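What follows draws every value from the coordinates through simple rules; no lab data is involved. Small disclaimer: the values here were computed from a predicted structure and weren't measured. Every residue, glycine as well, gets a Cβ built from its backbone with ideal geometry; the counts of neighbours run over all protein chains shown.
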Amino acid sequence: MGINFKKLNVKALVVIGVMAAFCFVSNYFSIKIPTPIGTSRVHFGNIFCVLSGLTLGPIGGGLSAGIGAFFFDLFSEYAAEAPITLVTKFMLAFVTGLVAQLAYKLKPSHVGDIVSLEGVVTARMMRFRSPRIYNMMGAIAGSLTYVVLYMAKTAVTLSFFSLNDQGLPYPADAVWATTLSKGGVSLINAVIAVVCASLLFPPIKAALMHTAIGRELALQPKTYDTSPAAEK
């Protein structure tokens, strides 16, 4: 599924807005985790960022995830980081949608040709015919991309744009301890997002395909078809 920006219409914009709203609201379901400098959060926001990428494709999903997370930050204590969040959450959904689509286009026969000298490996690779695997590959790639970007943002922000209570730069050990701590929390969010989005996407897609707007958005309906017939 995805949005054809050559045929962008009001319905497509509505879907982008709806998914952005889900990304916005889901961020409020969170638990704060203390870190050496400040706090981090375990939250459900990334689930809908991943679902946006799988449902609307790289660009449409990226816009939904970025806009939704941007407005959450803007109306919270993280307002100063909202522009950065717009970019990092966009990349989360963008990479998710892009990798899922590219992985599907490789197809098992192509993978089999690559490893054709190893018959056993080829046979095992054929097990990956299920489109669910491609969706999970996209979710993992997008989530890991976000973890890396989030850790980089944390390290750069604390190193060059933050001061402690004494008005002095934070020591390097505190910066790295915080970066690793927040990276660990972000990795937990990534695991939650991958597992939940992988489980939720098939029924969501199936439900959408019974609606007119869902059929309009399904530019490549076989790409994410998880019905038994599609896996034969």
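Of K89, K105, K205, the sequence from fewest to most neighbouring Cβ atoms within 10 angstrom is K105, K205, K89.
Ordering C49, C196 by the number of other Cβ atoms within 10 Å of each residue's own Cβ, fewest first, gives C196, C49.
Rounded to the nearest whole Hz, the Karplus-based 3J(HN,Hα) values (6.51 cos²θ - 1.76 cosθ + 1.60, θ = phi - 60°) of segment 44-54 follow the sequence 9, x, 5, 4, 7, 5, 5, 4, 4, x, 6, with x at glycine and proline. Taking θ as phi - 60° and the Karplus parameters 6.51, -1.76 and 1.60, the scalar couplings of segment 69-79 work out to 5, 4, 6, 4, 4, 4, 9, 10, 6, 9, 4 Hz in sequence order, x denoting glycine and proline. With the simple spin-label model, which puts each label point 7 Å out from Cα in the Cβ direction, the E77 to V25 separation comes to 2.5 nm.
Taking 18 Å as the cut-off, the amide N atoms of segment 30-54 that come nearer than this to a point 7 Å along the Cα-to-beta-carbon line of V18 belong to 48-54. Extension gain for N164-L200 works out to 8.7 nm (0.36 nm per residue, less the C-alpha to C-alpha distance). Residues F161, F90 in ascending order of nearby Cβ atoms (within 10 Å, fewest first): F161, F90.
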